[in-house]
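The block underneath contains the structure these notes are about, expressed in structure tokens.
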Amino acid sequence: MTERDHQEESLHYLMINVLVDSLEKEGFTVNADHVGGLRKKPASVGGFTPDIEARRGEDLRLIEVETESTIDLPETQEQLTHLSAGRGTAYLAIPFDCIEGARRLRQELDAEFVILPCYPFVRYVGLPK
């Protein structure tokens, strides 16, 4: 996968941490990549590992976090296709200013995933789109 620049990589990690905190406050059990500590890594789906796997009862959410430079990559498209076809509900978490690109991607892929806008600098997760 293409390397993000330092600023986008920091944004990626921040969004993951904001989402993990939000999901845990909602009562989800969370496995997450890129957060360190003693967390388990999410299970692979079709050879791709989502950034976050959250479970509360029967509700399973597979969340991939992308930034402006990675949303249109072929690897991202392939991963979202696999996550959408797998177990649970697939989510694409993006910075709020990438919503249009995420909608375009969902339409182009004809895939079922929920777009989750994030406002990480104020530690807010928007409503699913």
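Observations, loosely collected:
- Among the residues of segment 29-42, those identified as closer than 19 Å to GLY57 by Cβ, out of contact with any helix residue (DSSP H, G or I) (no Cβ under 9 Å at 6 or more places or on another chain) and not polar (S, T, N, Q) are LYS40, PRO42.
- Among the residues listed as ALA90, ALA43, the single one being part of a loop (DSSP other than H, G, I, E, B), among the small types (Gly, Ala, Ser) and touching a residue at least 12 places away in the same chain (Cβ under 8 Å): ALA43
- Filtered residues of segment 30-42 (kept if out of contact with any Asp or Glu (no Cβ under 6 Å at 6 or more places or on another chain), surrounded by 13 or more Cβ atoms within 10 Å (Cβ to Cβ) and not charged (D, E, K, R)): ALA32, HIS34, VAL35
- Every residue from segment 68-81 that is surrounded by fewer than 18 Cβ atoms within 10 Å (Cβ to Cβ) and closer than 17 Å to HIS12 by Cβ: GLU68, SER69, ASP72, LEU73, GLU75
- Scanning segment 49-64 for residues that are more than 11 Å from GLN79 (Cβ to Cβ) and part of a strand (DSSP E or B) yields a count of 9.
Computed from the coordinates by the stated procedures, all read-outs in this text should not be read as laboratory data. Not measured: the values here are computed from a predicted model. Positions of Cβ are generated from backbone atoms using ideal geometry, with glycine treated the same way; all protein chains shown enter the neighbour counts.
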